[in-house]
Amino acid sequence: MEHALDITLTVNGTVVLQRVEPREHLIDFLRERLGLTGSHVGCEHGVCGACTVRVDGKIVRGCLMLAVQANGCRVETVEGLSDSKELARLQKAFHDRNALQCGFCTPGMLLAAQDLVSRRKQCSREEIREHISGNYCRCTGYQAIVDAIEEAMHG
Amino acid sequence: MGKAELPLHAPGTKTDRGYIGQSVPRPNAQRLLQGRGAFVDDLRFPRLAHVVFFRSPYAHARIRKLSFSRAVKSPGVIGIFSGKDILQHCSPWVAVLGHLKGIKSPPQHAVAIDRACWQGEAVAAVVAETRAQAEDAAALIEAEWEELPAVTDMEASLQGAQVIHQELGDNICFARTHDTGGVDEAFAQADAVVEETYGFGRHTGVCLEGRSLLADYNAAEHSLTVYHSTQAPHMMQDVFSRHLGIPEASVRVISKDVGGSFGIKVHVYPDEMATAALSVMLRRPVKFVADRLESFLTDIHAREHRVRVRIAVKQSGEILAFDLDDLTGIGPYSVYPRTSGIEGNQVVNLTGGPYKHQKYRGRLNVVFTNKNLTCQYRAVGHPIAVALTEGIVDKAAAALKMDPAEFRRKNLIPDDAYPYAFPSGIKFERLSHHKCLDLLLEKMNYGKMREEQSRLRKKNIHRGIGLAAMIEVTNPSPAFYGVGGARISAQDGATLRLEPTGMVTVLCSVTEQGQGTEAIFAQIAASAVGVSLEKVRVITGDTGVTPYGGGTWASRGAGIGGEAVLQAGRSLRANILEVASRILNADREALDIESGQVIGKLTREKKLALEELGRIAYFRPDTLPMNFQSELTVTRHYTPREYGFTFTNGIQASYVEVDTDTGFVKLLKHWCVEDSGTVINPMLVDEQLRGGVVQGIGAALFEECLYSPDGQMLNGNMADYLVPMACEMPDIVCAHIETPTKQSQLGAKGVGEAGTAGAPGAVMNAINDALSPFQASVTAMPFTPERILKALGKCP
Amino acid sequence: MKAPDFAYARPASLDEALELIARPGAKVLAGGQSLIPSLNMRLSSPELLVDIGALRELQGISFRNGFLTIGAFTTHAELEQSKEVQKHVPLLAQAVPHVAHPAIRNRGTIGGSLALADPAAEYPAVVVALQAVLKLKSRSSERSVEAARFFKGLFEADLRPGELLTAVEFPAAKPSDKSVFLELTRRHGDYAIVGLAAHNDRFVFLGVADRPTPVEAGSSLETAKSNLSRNLKPSADLYHSAAAKLHLAGVLLERAWNTLSTSR
């Protein structure tokens, strides 16, 4: 690795030290180097949302961020947010309302949804649709996802 | 969400209700919700190598020279292989079937030799320690090409000035004419003849998980294990065995979690075959994951058709005949093993499907082009057949100044006319078109909607209502593929095993890609045996473990796999009671099972817990009578036999608003009334329908694979190829009628493709309804703003 | 789709950054939301990425003497949440929600967007409509460029080798100012088919040519429409002919005109 750099970051609460190539994007870093395969690769050009993770509290596309840019950052993935129970309410709503089928978009969708649910107490269905408009799902008709987010938000 | 009202015994069928009809959340969804699933790209293996394919940049070119000398020195490279190298280990295939008379296609290789026939065809394979290193090396391959003329226009292909495969003589893969006779006479007798030409844009599946395969060859055993994102593991087991020369039972195909399939993943792909061959050649695991750019170029495309259709009607509204001419452009090869002739064949079979006319003529030409290969994609020919049928029906209704719902009412096959022989040769067991139409109009409040439409038109707000009635192929018998010589199984099996602790394990040959297969099998098994749902575990997608079967395609999972599970469950229940009768020294007929307990049938008194029965049967058989052996594992298979295809019916409606200044279409609402027989889990079925509808909306408004005249794909990425996203989609109302099939105890028909079959036609009719005050109409999908503006005369 | 190999540096000071950017084969990495996809698709292969994310000099939003200065490394999300932007540059505030999706807006920057000079993007038209001034710096010079002169062609900005966009300066809105941002997209968050940033009598179109295209508003809608037909020569894109684009531009023109008139 010619241009390799050492990075230190916190992933799901654990401090991680790794030597990486600058060209490795964050999602590959998480999946390949750390074995956190819960976040998925769907397009590698930032459009589908399958790779959505959280960096310093903000949702980002894992394929549009280099691992080296995450040096010193706090990264959270679906696995960590499941174990911490932060996603529990949304996950239950998704499960009860069948808001997933193949599950490939689901981690990204949950991260995007949680971004909304954690910041807003009330939302119209149109606003929910707008917030998840960057997360591609081919299996569901999106409706159950909107229903689930509505339920998690309003109870 | 809610429960379907399932009668305790549907007429002519025997079903223990139990969990059947309940909207139970899927047990196997929990791991997916936590990102703890196991997709192929998640798996880790020692010495895993990665393959990247060097692909033709041209639609049609001779490979003059391929030099790997620079590339092979690139860091991390394990080997670089040409088509000839791969040919030593993987034989080519020809995708033809006996029942498609006259179908022809040349042999196709895993990696092309001498000539590339579409942009994206693999001409070399680069294997390296990482994907990135393989891509670096691929960039160093030196290639010299001789460009050949590319055939990209369907009409030109049919004319045959340039023949892609000289040895075949022309570009016609498959041609067919179906003629009942009396068609011209029917047209002569008609009071009105209405004609239209419909265009359907080529589009593709865009599964979020790219095609993925990890092949693991064990040189010591000459055995191959393939972890494959596929719908049909047994079919692939057979294909790998025959083409790689490995004994069938030494090939094991495992499909764990699959990230969407929709038919895209039920075909044999050359790069996937090459990957398996490379594992054999290199004696180590090799993985291939198609990235998104590759997916657009090489995942099968579908649905490029130009169809001319005519309908003959009487003043009363009665349809006399349909006459159809369908031209469809596929890739340069028919796809293996199902062939690329089936989609067009279905258009001929299904046009006019809901209606009671008797005269019909359909002509089909399936032609090769130098674009990407095409094959079966969700609902196959239905979206086209339904759209053109429902489009011309609306046009005929307008010509007769009749309301479109009323026109359909006059022509839908009556609900008591079954069994019914349809003019294209298909047979209907029993459908419910009128009941579905009634329910739809009620759910929509049709009359009120027409009033609202009329009111808003005066304010220059243009809304449209579009209907699409449909039939759909499900639960196919061997008539679909087997009769043509394909080693594709139309039967499936289920093994149910009572575990010592009273749990039940279900192994079934139908597979899961998220539609809920494993959930409904658990519901059926729990109901059939008499245990609660959380005691059931389901395993699918492993040829080494499950019975032999067909997997998922043509909406057959519930109807065929479910039936096998039901029958096995009922047999297991009987066997459990045999054991119980010996333990309790009681008459078998006086016992039953409920919630994991053996009970007295009359008194409902609990007599013996299943975990106790299991302990005795497995660990203390010495306490049972001398000549008695417990059999607590039961396997049953099921094949639909009476009907070649079990047809379902449904009807959809779309409500849109067209902005006549911009040509933009806003989808206000969508309805889907479907009769798929016994509904096992309404919540799962509803989201299957919705997902299907959204895919159909994609075809109608957004999706098209655009090619330049010289065969370059112009929009092969997620920014330029437009898939439906949440903001533009309407809420979709689903409702059900249940007419069970009598071919099985379960009575379930299929439903996975219904949404996709009807949505494009419904949306098209809604747009044209909105445009009708302007005497404007659109006929070529997708209906982009430009096409609508052109129809309105707002731009040239 | 793995990016080709490159070196990476994350300078701690602006001077260090300008030194690095001057090297041949160096490319600026801001938010990365446009650069990284092009790397993943192997459409570009720089030798060195210079990550300007640590430079405080490029961050911050400040209001002074009737001008709002926005640091080039301000993310779309920061713009969206900024009360200063809403108050002093309402046209920009209207445009931000159209930029892609939340996850992209958390990383993408205004500097990156302007430097890319994508004629289908929102900010180039906005800065031209508002007559903003772009501040550029290299290791040897500093200059200011008026927005109208900054966009030279398709993905071509007036950025000399070694130059970095450091800030954008907007004249603050006056009570009499009226603006509206309109965009037509097939799906929410897509690049615009056609868009219009209208500020008082400055109507600037995006998505119609190789750069933001102003059209003289004139004194009446009819005048504006005929100016449009004369001045706008749109190019076709994948899905829309030039004629369709011209038509759609006319529709937006009329809608913007009506909005601005009724708010008088």
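A few comments on the model shown:
- The condition of being β-branched (Val, Ile, Thr), closer than 27 Å to residue B:751 by Cα and modelled with pLDDT of 95 or more holds for only one of B:386, B:366, that being B:386.
- When B:635, B:648 are screened for being under 19 Å from the mean Cα position of the chain (by Cα), assigned to a strand (DSSP E or B), away from chain A (no Cβ under 14 Å) and of a type in the set (S, T, N, Q), only B:648 passes.
- Qualifying residue in region B:506-513 (condition: surrounded by fewer than 24 Cβ atoms within 10 Å (Cβ to Cβ), touching a strand residue (DSSP E or B) at 6+ places or on another chain (Cβ under 6 Å), within 30 Å of residue B:580 (Cβ to Cβ) and among the β-branched types (Val, Ile, Thr)): no
- Cross-chain or 6+ apart pairs with Cβ under 6 Å, region B:652-676 first and surrounded by 24 or more Cβ atoms within 10 Å (Cβ to Cβ), then in a loop (DSSP other than H, G, I, E, B): B:670/B:730; B:675/B:432; B:675/B:739; B:676/B:749; B:676/B:751
- Hey, residue B:691 within 12 Å of another protein chain (Cβ to nearest Cβ), at pLDDT 95 or above and over 30 Å from residue B:156 (Cα atoms) or not: yes
- Taking the conditions (1) over 27 Å from the mean Cα position of the chain (by Cα); (2) part of a loop (DSSP other than H, G, I, E, B); (3) small (Gly, Ala, Ser); (4) crowded, with 18+ Cβ neighbours inside 10 Å in turn, residue B:396 satisfies each one other than (2).
- A single member of B:193, B:127 is modelled with pLDDT of 95 or more and in contact with a Gly (Cβ under 9 Å, 6 or more places away or on another chain), and it is B:127.
- Close pairs (8 angstrom Cβ cut-off, 6 or more residues apart or separate chains): under 28 Å from residue B:305 (Cβ atoms) in region B:132-160, outside any loop (DSSP other than H, G, I, E, B) and aromatic (Phe, Trp, Tyr) anywhere: B:152/B:707
- When the residues of region B:770-791 are filtered to those that are at the interface with another protein chain (Cβ under 10 Å from one of its Cβ atoms) and in a loop (DSSP other than H, G, I, E, B), the one that is farthest from the chain's Cα centre (by Cα) is B:784.
- Strands (runs of 3 or more DSSP E) lying entirely in region C:1-88 (those with 3 or more residues that are touching a Lys or Arg at 6+ places or on another chain (Cβ under 9 Å) and more than 9 Å from every other protein chain (Cβ to nearest Cβ)): C:67-71
- Which listed residue, of B:86, B:113, is within 30 Å of residue B:484 (Cα to Cα), assigned to a helix (DSSP H, G or I) and modelled with pLDDT of 95 or more: B:86
- Residues of region B:164-181 satisfying the condition of being crowded, with 16+ Cβ neighbours inside 10 Å and of a type outside the set (D, E, K, R): B:164, B:165, B:171, B:172, B:173, B:174, B:175, B:178, B:180
- Considering A:59, A:7, the condition of being of a type in the set (A, V, I, L, M, F, W, C) and under 20 Å from residue A:145 (Cα atoms) is satisfied by A:59 alone.
- Residue C:130 vs. criteria over 22 Å from residue C:53 (Cβ atoms), within 14 Å of another protein chain (Cβ to nearest Cβ) and either surrounded by 21 or more Cβ atoms within 10 Å (Cβ to Cβ) or of a type in the set (Val, Ile, Thr) (or both): no
- Those residues of region A:42-52 which are more than 7 Å from chain B (Cβ to nearest Cβ) and either at positive phi or of a type in the set (A, V, I, L, M, F, W, C) (or both), in sequence order: A:46, A:49, A:51
- For region B:29-75, a tally of residues being closer than 29 Å to residue B:710 by Cα and within 14 Å of chain A (Cβ to nearest Cβ) returns 1.
- Lone qualifier among B:754, B:726 - being without any contact (Cβ under 8 Å) to a residue 24 or more places away in the chain and within 14 Å of chain A (Cβ to nearest Cβ): B:726
- The residues listed here are A:112, A:144, A:93; of these, the one that is over 14 Å from the mean Cα position of the chain (by Cα) and more than 9 Å from chain B (Cβ to nearest Cβ) is A:93.
- Only one entry in B:91, B:105, B:69 is within 31 Å of the chain's Cα centre (by Cα) and either assigned to a strand (DSSP E or B) or over 24 Å from residue B:713 (Cα atoms) (or both), namely B:91.
- Only one entry of A:38, A:46, A:72, A:62 meets the criterion of being touching a Pro at 6+ places or on another chain (Cβ under 7 Å), within 19 Å of residue C:53 (Cβ to Cβ) and touching a residue at least 12 places away in the same chain (Cβ under 8 Å), and that entry is A:46.
- Within region A:115-128, being more than 17 Å from the chain's Cα centre (by Cα) and closer than 16 Å to residue A:99 by Cβ holds for A:123, A:125.
- Residue B:175 meets the conditions (1) out of contact with any Phe, Trp or Tyr (no Cβ under 9 Å at 6 or more places or on another chain); (2) assigned to a loop (DSSP other than H, G, I, E, B); (3) under 30 Å from residue B:695 (Cβ atoms) in every case but one. The failed one is (2).
- Any hit, region A:9-26, residues being assigned to a strand (DSSP E or B) and within 13 Å of chain B (Cβ to nearest Cβ): yes
- Residue C:244 being under 23 Å from residue B:794 (Cβ atoms), of a type in the set (A, V, I, L, M), within 14 Å of chain B (Cβ to nearest Cβ) and not in a loop (DSSP other than H, G, I, E, B): yes
Here is a yes/no grid of residues against (1) closer than 19 Å to residue B:535 by Cα; (2) exposed (fewer than 12 other Cβ atoms within 10 Å of the Cβ); (3) modelled with pLDDT under 95:
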| site | (1), (2), (3) |
| --- | --- |
| B:602 | no, yes, yes |
| B:618 | yes, no, no |
| B:623 | no, yes, no |
| B:626 | no, yes, no |
| B:630 | no, no, no |
| B:636 | no, no, no |
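- Annotation note: of B:124, B:128, the sole residue that is of a type outside the set (Phe, Trp, Tyr) and within 14 Å of chain C (Cβ to nearest Cβ) is B:128.
- Qualifying residues in region B:510-546 (those that are of a type in the set (Val, Ile, Thr) and in a helix (DSSP H, G or I)) - the one farthest from the chain's Cα centre (by Cα): B:529
- One residue stands out among those in region B:136-163 that are of a type in the set (D, E, K, R) and in contact with a Ser or Thr (Cβ under 6 Å, 6 or more places away or on another chain): the one that is farthest from residue B:106 (Cα to Cα), which is B:136.
- Residues in region B:131-165 that are within 23 Å of residue B:82 (Cβ to Cβ) and charged (D, E, K, R): B:131, B:135, B:136, B:142, B:144, B:146, B:147.
The values are calculated or read from the model by the stated rules, or taken from the named source; none is laboratory data. No experiment lies behind these values; they were computed from the predicted model shown. Reconstructed Cβ throughout: ideal geometry from the backbone, glycine too, with neighbour counts over all protein chains shown.
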